[in-house]
Amino acid sequence: MYLRLNLFLLCLCCTFQLCAQNTPSDECGVHSIKPCFVHVAQDQVGIVTSPLRVTAKDFLWIAPFGVATGFLIDYDAHIMRDLGSNPSREDKFKKFSDYVTYGASAAPVIGYFVGAAKKDDYLQESSVLAGEATLDAIILNEGLKYAIDRQRPYQGDGTGRFWPHGLSTWPDGQSMPSNHCMIMWSFARVIAGQYNTPATKITVYSLATAVTVSRVLAREHFPSDVLVGSTFGYLIGDYVFRHRSRQAILFSLSTVNTFNGKGVQLDINLNRH
């Protein structure tokens, strides 16, 4: 069968507007749920296999992260003992971290429908990306916390043991990484990327940091747990933003049906910050 490929430069607009304004066939949304699951599945594969694509440049942050994590694991129990136990304080910080994280989890749904009501495609896209990132974070966290099997500060002898009784009582704990931190930092990274202003960055990253600190003050996690959760959350949000956002993608190719057969459409983002 003869297949004719035509290259259409549809996105070179003289007004320098972003050309892919029409909804692509693979765009995630209320009326096209299947692409949402496909995107999340693709994200999971890309995130899990990302260590295979590590470069020498990546060690500039991997090495300090590894050293900091090891240091905190060694001193986690000492830090928590020095922090002491205060049920009133712990309850307040637990509620604060829960409410903020629940709000971040609900924000993509609210934002999507607000965007639909206002016909704001960019708000809808941002909401979808934030939702995908937080879902990616939740899924990855589920696997990691069962694989790491670390006791929380209020479990066992309070030292945060890993696999304390082997397989006989598995799972014994779900302390590392912090799910709240992964959700908040993945959400914050996407929103900060979509709305690239100092005010937005200060707001979302301050909220994420507040939740991170609160999880320790609430004695729900050790310091190393929140460090790992925050770092992984940020990386997940960064991955989703760089691979899904129109702000981050300079070129994109997609197949289109034409009168002459299959074609390839090239989208060029001339409005990227």
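The values are calculated or read from the model by the stated rules, or taken from the named source; none is laboratory data. The structure displayed is predicted, hence computed values, not measured ones. Methodologically, a virtual Cβ is constructed for each residue, glycine included, from the backbone with ideal geometry; neighbour enumeration extends over all protein chains shown. Heads up: the accessible areas ignore ligands, DNA and RNA and are worked out on the full protein's heavy atoms, side chains in. Shrake-Rupley method; radii C 1.70, N 1.55, O 1.52, S 1.80 Å.
GLY158 satisfies every condition listed in (1) on the phi > 0 side of the Ramachandran plot; (2) free of Cβ contacts under 8 Å to residues at least 24 places away in the same chain except (2).
For residues that are aliphatic (A, V, I, L, M) and within 22 Å of PHE93 (Cα to Cα), scanning just the stretch 138-192, find the one that is most open to solvent (accessible area, probe 1.4 Å).
Keep residues of the stretch 138-192 that are aliphatic (A, V, I, L, M), which gives 138-140, 144, 147-148, 167, 176, 182-184, 188, 190-192.
Next, only the ones that are within 22 Å of PHE93 (Cα to Cα) stay: 138, 176, 182-184, 188.
Details: ILE138: 61, MET176: 14, MET182: 0, ILE183: 11, MET184: 5, ALA188: 0 Å².
It comes out as ILE138.
Going residue by residue through the stretch 231-240, is there one that turns out to be open to solvent by less than 20 Å² (accessible area, probe 1.4 Å), among the polar types (S, T, N, Q) and at pLDDT 95 or above? Within the stretch 231-240 (the criterion being open to solvent by less than 20 Å² (accessible area, probe 1.4 Å), among the polar types (S, T, N, Q) and at pLDDT 95 or above), the answer is no, since none of the residues qualifies.
Being out of contact with any Gly (no Cβ under 8 Å at 6 or more places or on another chain) and open to solvent by 40 Å² or more (accessible area, probe 1.4 Å) narrows it down to one of LEU60, LEU129, so name that one.
On the way: LEU129 fails: open to solvent by 40 Å² or more (accessible area, probe 1.4 Å).
Step by step, each of LEU60, LEU129 is checked, and only LEU60 is out of contact with any Gly (no Cβ under 8 Å at 6 or more places or on another chain) and open to solvent by 40 Å² or more (accessible area, probe 1.4 Å).
Given the structure, is VAL228 open to solvent by 40 Å² or more (accessible area, probe 1.4 Å) and modelled with pLDDT of 85 or more?
Considered against the rule, which asks whether it is open to solvent by 40 Å² or more (accessible area, probe 1.4 Å) and modelled with pLDDT of 85 or more, VAL228 comes out as no.
Entry remark, the stretch 90-104: residues being under 21 Å from the mean Cα position of the chain (by Cα) and either surrounded by fewer than 18 Cβ atoms within 10 Å (Cβ to Cβ) or not in a helix (DSSP H, G or I) (or both) number 5 in total.
In the stretch 70-89, which residue that is within 26 Å of the chain's Cα centre (by Cα) and buried (at least 18 other Cβ atoms within 10 Å of the Cβ) is nearest to GLU27 (Cα to Cα)?
To start, the set of residues in the stretch 70-89 that are within 26 Å of the chain's Cα centre (by Cα) comprises 70-73, 76.
If we keep only those that are buried (at least 18 other Cβ atoms within 10 Å of the Cβ) too, we end up with 73, 76.
Details: ILE73: 42, ASP76: 44 Å.
Here the answer is ILE73.
Among the residues making up the stretch 27-47, a single one is part of a helix (DSSP H, G or I), charged (D, E, K, R) and surrounded by 12 or more Cβ atoms within 10 Å (Cβ to Cβ): ASP43.
Return the residues of the stretch 151-203 that are more than 30 Å from ILE110 (Cβ to Cβ) and part of a helix (DSSP H, G or I); say none if nothing qualifies. Break it down into steps so the answer makes sense when it comes.
First, the residues of the stretch 151-203 that are more than 30 Å from ILE110 (Cβ to Cβ): 151-173, 175-176.
Passing the criteria: GLY166, LEU167, SER168.
So which residues in the stretch 204-221 are charged (D, E, K, R) and over 19 Å from SER105 (Cβ atoms)?
Within the stretch 204-221, the subset charged (D, E, K, R) is 215, 219-220.
ARG219, the sole residue that qualifies.
TYR205 fulfils the conditions (1) without any contact (Cβ under 8 Å) to a residue 24 or more places away in the chain; (2) surrounded by 23 or more Cβ atoms within 10 Å (Cβ to Cβ); (3) aromatic (Phe, Trp, Tyr) except for a single criterion, (2). Put simply, of PHE65, PHE71, PHE59 the only residue that is in contact (Cβ under 8 Å) with a residue 40 or more places away in the chain and either under 25 Å from GLN247 (Cα atoms) or in a helix (DSSP H, G or I) (or both) is PHE65.
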